Structures are given as C-alpha cells and as structure tokens.
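I have placed the structure first, in the form of structure tokens, so that the comments after it can refer back to it.
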Amino acid sequence: MIKTNREQAMQKEATEGNLRKYTQQYTEICKELPYDDITRMVNIIWKAAKGGKTVFTMGNGGHCNTASHMINDLAKHTVSSDDKKKVVVKTRFKTFCLNDSMSFVTGIANDMGFDNIFAEQLANTVQKGDVVIGISGSGNSENVLRAFDTAKQKGATTICLTGFTGGKARTAADLCIVVPCGKMVMVEDFHLMISHMVADELKRLVQKREELTG
C-alpha cells in the first residue's frame, strides 16, 4: 500500500521524535554514570601500564567488538599525536583481546564448552598484576565470570563493565562499573563511551597534557 503524503509526514515526525527521545535518555543517563568507579578504572590501568603489566579484554556479541576496540584505543590512542600520524611517548600499554583469535576461541568452545573460552586463554597467559576487563550487559555472562575467577587465582585485577543492576559481576569482579540503564542497546553505547573516556584520560596521563584535540 502506498502511503499518502500526510501518512508519510506523520511517519517522519514519529521517527524523528523517537530519535530525539533516545538522545534525551542518553543525556539523562550521563548525569548518573558512576564517575568514581570510572576514575578507579583509569587508575588501575595506569598503574598496570607503569608496571609493564598486560590489560586483557573480553566480551560476547556486540561487546566482543567493544573489547577489541578498547585495546586499540589503549595501545594506539594513548601514545599517538593528536593527528594520529606518530608516536610521541615511550610508555606503551600491553594489551590483548581474548575475542580476537577465532581459531583459539572456537577450538576451546568446541572441545571444552563456550563457558570456558576466556578462562582457558587466561590460564595460559595472565600474570599477577595484570588487568582483566570483561564487558557483559547483564553482568551474568558465564564465560566472563569464569575468566574473572581464573584471573583472581593468578593475582590479576578484574573489572566488569555492565548495566541493569550489575548481575553476578557485582561480587565477581574487583571493580564493577554499572551503567544505570535497563536497555541493552544503550548500555552498549555507554560501554564504548566509557572505553573512550578512559583511553582519553590515560592519554593525558601518559603524555602529561591537560587538553587533547584528537
């Protein structure tokens, strides 16, 4: 059925209204973010970097992409000039995303079960003083929780980015950053934003600068 001009105009108005409502919700949630906990995350990663330790990241689904994105920002953004064309400091962040080897991930999942895809990798590599960051919207992803357990046994610090009420990660992680939102797509938005916030602040610390333009 072909819509009339009036129907098309009404649909356009409704869509624009929904888009504006989404951003308005976003603005309100920004006011309620746990900034103290995000500051703690910055300090934990900074301490690890200065000690030559490794930052591991992991997540499922869309959070898998955020985990990969996070290590890119930690390893590259923090040490780059604002135009991104050169490295301007000697301090480097050692990073590793547990999602990135599909051969390893699927091999573990096939033989040992999906719940072990992160824990088994960490059992091979994580060391005391390292930082393990898990991203789970619900805070209940079993493979992330098992990875935290392995990391703690090895003496690593665990951080979880989550939403809703925090789930089991509230007690499983050393630091649980809960986005105060019950809508998964928006929780995912904020996880990427927090990743950028942390990387930007670490860039200031690494480069001993107050203002950044890139």
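Here, each number is a calculation from the coordinates, and none is a lab measurement. If you're wondering where the values come from, they're calculated on a predicted model, not measured in any experiment. In this analysis, Cβ positions are derived from the backbone assuming ideal geometry, glycine residues included, and neighbour counts consider all displayed protein chains.
Could you pull out the chymotrypsin sites (Phe, Trp or Tyr not before Pro) across region 6-54 that fall in loop regions by DSSP (anything but H, G, I, E, B) with no more than 15 other Cβ atoms inside 10 Å? In loop regions of region 6-54 (DSSP not H, G, I, E or B), there are no sparsely surrounded chymotrypsin sites (Phe, Trp or Tyr not before Pro). Here the Karplus curve 6.51 cos²θ - 1.76 cosθ + 1.60, taken at θ = phi - 60°, turns the phi angles of region 51-61 into couplings of x, x, 8, 9, 9, 9, 10, 6, x, 10, x Hz, with x standing for Gly and Pro.
Between E142 and D174, what is the label-to-label distance in nm when each label sits 7 Å out along the Cα-to-Cβ direction? Result for the modelled spin labels: 2.7 nm. Considering only H63, L192, N124, and ranking their Cα positions along the charge dipole of region 34-207 that arises from unit charges at the beta-carbon of Lys, Arg, Asp and Glu, the one farthest toward the positive end is N124. List the longest stretch of the chain that has no exposed loop site; here a site is one of the GluC sites (Glu not before Pro) assigned by DSSP to anything other than H, G, I, E or B, with at most 15 other Cβ within 10 Å. With a cap of 15 other Cβ atoms within 10 Å, the longest stretch comes to 1-209. Would you work out which of M112, I177, A9 lies farthest towards the positive end of the dipole of the chain, given +1 charges on the beta-carbon of Lys and Arg and -1 on that of Asp and Glu, about the Cα centre? Checking the options against the dipole of the chain, the answer is I177. Residues whose amide H comes within less than 5 Å of that of K94, counting only those at least five positions distant or on another chain, are V55 (H built at 1.01 Å from N in the peptide plane). Between M10 and N110, the simple spin-label model (points 7 angstrom out along Cα→Cβ) gives 5.5 nm.
A cut-off under 13 angstrom between Cβ atoms defines the neighbours of H69, and their net charge, with Lys, Arg +1 and Asp, Glu -1, is -3. The long axis of helix 62-75 is offset from the longest Cα principal axis of the chain by roughly 60 degrees. Exposed loop sites here are trypsin sites (Lys or Arg not before Pro) assigned a DSSP state other than H, G, I, E or B and surrounded by at most 16 other beta carbons within 10 Å; excluding them, the longest clear run of the chain is 4-75.
For region 1-86, what does the alpha-carbon gyration tensor say about shape, rounded, prolate or oblate, given a ≥ b ≥ c as the root eigenvalues, a/c under 1.5 as rounded, and a/b over b/c as prolate? Prolate is the answer for region 1-86, as a/c is 1.5 or above and a/b outweighs b/c. Of all aspartates and glutamates in the structure, the ones whose alpha carbon falls short of 16 Å from that of K152, not counting any fewer than 8 places away in one chain, are E120, D130, E142, D174.
To the nearest ten degrees, helix 102-112 and the longest principal axis of the Cα atoms of the chain are 80 degrees apart. To the nearest 10 degrees, how steep is helix 142-153 against the longest Cα principal axis of the chain, on a 0 to 90 scale? The angle comes out at about 30 degrees.
Rounded to the nearest 20 debye, the dipole magnitude of the chain is 680 debye, with +1 charges on Lys and Arg beta carbons, -1 on Asp and Glu beta carbons, and the Cα centre as origin. Considering only N116, N124, N99, the mean-square fluctuation computed in a Gaussian network model of the chain, springs between alpha carbons under 10 angstrom, is largest for N124. With respect to the cross-link table entries K53/K86; K47/K84; K12/K183; K50/K183; K90/K128, which display a Cα-Cα separation exceeding 32 Å? Over 32 Å Cα-Cα: K50/K183.
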